[in-house]
Amino acid sequence: ALGKLAGGCTFQTYYPITPASDESVYLEAHETFKLTDGADSQEGSIVVVQTEDEIAAITMATGAALAGARAATATSGPGFSLMAEGMGWAGMNEVPVVITIYSRGGPATGLPTRHEQGDLLFALHAAHGEFPRLVLASGDMEEAFYDAARAFNYAEQFQTPVIHLVDKALANSTQTFPIFDTRRVPINRGKLLAQDELVTNGGGPYRRFAFAEDGVSPRALLGTPGAVFWNTGDEHDEVGHISEDPENRDLMMEKRMRKLETAAEVIPLEEKVNFFGPKDAEATIVSWGTPKGAILDALDLLEAEGLKVNFLQVRLINPFPVGYVTHVLSRAKLKIDIEMNYSGQFASLVRQHTGIAMDHLVVKYNGRPISRDEVYESVKMIMTNSDSPQRVELSTRKVVLHHGA
């Protein structure tokens with residue numbers, strides 16, 4: 001919530017759902033706030049709307065973004081299911097809307113008050129058809145603050161939906177950090193045109209969806225004098241008129257998808273990944289999201305026993321940082337994926353993008369966060385046992401080991 005305020009969010013929608021509601025409730029309680037310290041500080045404000053359902057939440061946030069607000073919605077897995085079609089409309093119309101997903105145990109109602117990382121592939125592929133969306137995942141509260149603010153920059157720079165993945169463990173934990181530095185997230189609104197900057201194409205109409213080398217067209221807000229264009233759920237031409245012309249379809253699809261290439265080039269590496277530990281380690285742990293804390297604590301225990309381990313945390317999931325991840329894993333002697341879902345969703349994603357398979361998989365999916373000791377014991381067993389299991393399932397009943405494919 002604080003990161004959204006720092007990022008200039010002025011409109012948030014939600015339908016109550018565990019554990020996402022806490023964020024919107026906090027924003028409701030702080031709808032007006034001081035922008036700086038001191039008695040003469042100006043006030044900022046945000047409008048928070050509790051909608052009748054998640055379909056309304058995503059479409060209302062999309063409308064606010066079209067009108068110029070930095071707009072967001074927050075939900076959990078079941079609510080995000082209802083947002084899929086509305087997010088597709090935002091993707092077709094290149095709307096910079098932010099969706100915060102607080103992952104919990106599923107499917108269906110699942111474990112509504114418990115923890116899981118089961119929504120990764122869902123976030124990447126939700127909605128029918130293909131359109132670009134950026135997906136970023138935070139590993140702790142400090143990252144969540146800066147990522148929440150950056151999400152609006154990404155959305156407006158690349159004019160596409162941005163999904164920010166957090167989870168139950170992050171939502172309902174308490175941590176202490178130094179005061180966050182808002183100067184690290186200066187606001188970048190991308191190719192947003194003022195009225196006197198409208199490109200008229202030699203007297204022709206404003207082309208909201210003009211073809212561009214980087215995939216990003218100059219954007220005017222709804223109601224800007226001189227900026228006449230159409231928004232529709234159908235494929236369209238450069239001014240927004242419905243078109244099923246095959247050549248136009250090719251050009252529009254390629255234009256939209258090119259945004260991922262642009263984002264991969266523009267976003268700095270330090271916002272995509274974190275790397276911890278010695279480069280020449282005996283084993284490399286790969287993970288994403290909130291296992292970060294337990295893994296970092298376990299590294300200290302492993303180091304104390306003479307076991308050299310490093311840790312690659314991927315924060316920008318889409319576009320995937322293929323080059324860097326390939327570079328790290330191609331030199332890794334032993335690759336261990338740790339995540340909190342049944343199937344090892346991130347491991348499959350790494351293999352999809354790099355062709356590199358994990359040597360070992362450590363998973364936990366019983367609704368409780370992974371602990372330092374569980375990471376330590378699993379990694380130590382893998383590194384010191386000549387008959388190491390390829391899959392370790394952490395359970396409240398027992399640790400289940402799987403050998404072989």
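The residue that is most open to solvent (accessible area, probe 1.4 Å), among those in region 329-378 that are assigned to a helix (DSSP H, G or I) and of a type in the set (Phe, Trp, Tyr), is 376. A search for C-beta distances below 7 Å between a residue of region 66-78 that is farther than 12 Å from residue 163 by Cβ and any residue that is part of a helix (DSSP H, G or I) and at pLDDT 95 or above, counting only pairs 6+ apart in sequence or on different chains, returns 70/152; 71/61; 71/64; 71/65. On the stretch given as region 117-129, residues that are part of a loop (DSSP other than H, G, I, E, B) and open to solvent by 30 Å² or more (accessible area, probe 1.4 Å) total 2.
Do we have residue 223 as open to solvent by 50 Å² or more (accessible area, probe 1.4 Å), assigned to a loop (DSSP other than H, G, I, E, B) and not basic (Lys, Arg) here?
Yes, satisfied.
Residue 170 meets the conditions (1) open to solvent by less than 40 Å² (accessible area, probe 1.4 Å); (2) closer than 23 Å to residue 86 by Cα; (3) among the aliphatic types (A, V, I, L, M); (4) part of a helix (DSSP H, G or I) in every case but one. The failed one is (2). Considering 196, 250, the condition of being of a type outside the set (Lys, Arg), part of a helix (DSSP H, G or I), open to solvent by 20 Å² or more (accessible area, probe 1.4 Å) and at pLDDT below 95 is satisfied by 196 alone. Close contacts from region 325-354, counting a first residue that is under 18 Å from residue 282 (Cβ atoms) and a second that is among the aromatic types (Phe, Trp, Tyr) and surrounded by 17 or more Cβ atoms within 10 Å (Cβ to Cβ), with Cβ to Cβ under 7 Å and a gap of 6+ residues or different chains, come to 337/346.
Of the residues that sit in region 298-328 and are of a type in the set (D, E, K, R) and part of a loop (DSSP other than H, G, I, E, B), which one is nearest to residue 351 (Cα to Cα)?
Going through the qualifying residues, I end up with 315.
Can you find a residue in region 93-101 that is of a type in the set (S, T, N, Q), open to solvent by less than 20 Å² (accessible area, probe 1.4 Å), assigned to a loop (DSSP other than H, G, I, E, B) and at negative phi? For region 93-101, residues of a type in the set (S, T, N, Q), open to solvent by less than 20 Å² (accessible area, probe 1.4 Å), assigned to a loop (DSSP other than H, G, I, E, B) and at negative phi: present.
Against the list (1) closer than 30 Å to residue 102 by Cβ; (2) open to solvent by 70 Å² or more (accessible area, probe 1.4 Å), the condition residue 177 fails is (2). Among the residues making up region 192-233, those that are under 26 Å from the mean Cα position of the chain (by Cα) and among the acidic types (Asp, Glu) are 213, 214. The single condition among (1) of a type outside the set (Val, Ile, Thr); (2) more than 22 Å from the chain's Cα centre (by Cα); (3) open to solvent by 10 Å² or more (accessible area, probe 1.4 Å) that residue 261 does not meet is (2). Pairs meeting the criteria (first residue in region 35-62 and closer than 20 Å to residue 96 by Cβ and modelled with pLDDT under 95, second residue assigned to a loop (DSSP other than H, G, I, E, B) and open to solvent by 40 Å² or more (accessible area, probe 1.4 Å), beta carbons under 8 Å, at least 6 apart or on different chains) are 44/35.
The values are calculated or read from the model by the stated rules, or taken from the named source; none is laboratory data. The structure presented is a predicted model; accordingly, all values stated were derived computationally and were not measured. Note that each Cβ is placed from the backbone with ideal geometry, even for glycine, and that neighbours are counted across all protein chains shown. These accessible areas exclude ligands, DNA and RNA; they are computed on the full protein's heavy atoms, side chains included. Shrake-Rupley method; radii C 1.70, N 1.55, O 1.52, S 1.80 Å.
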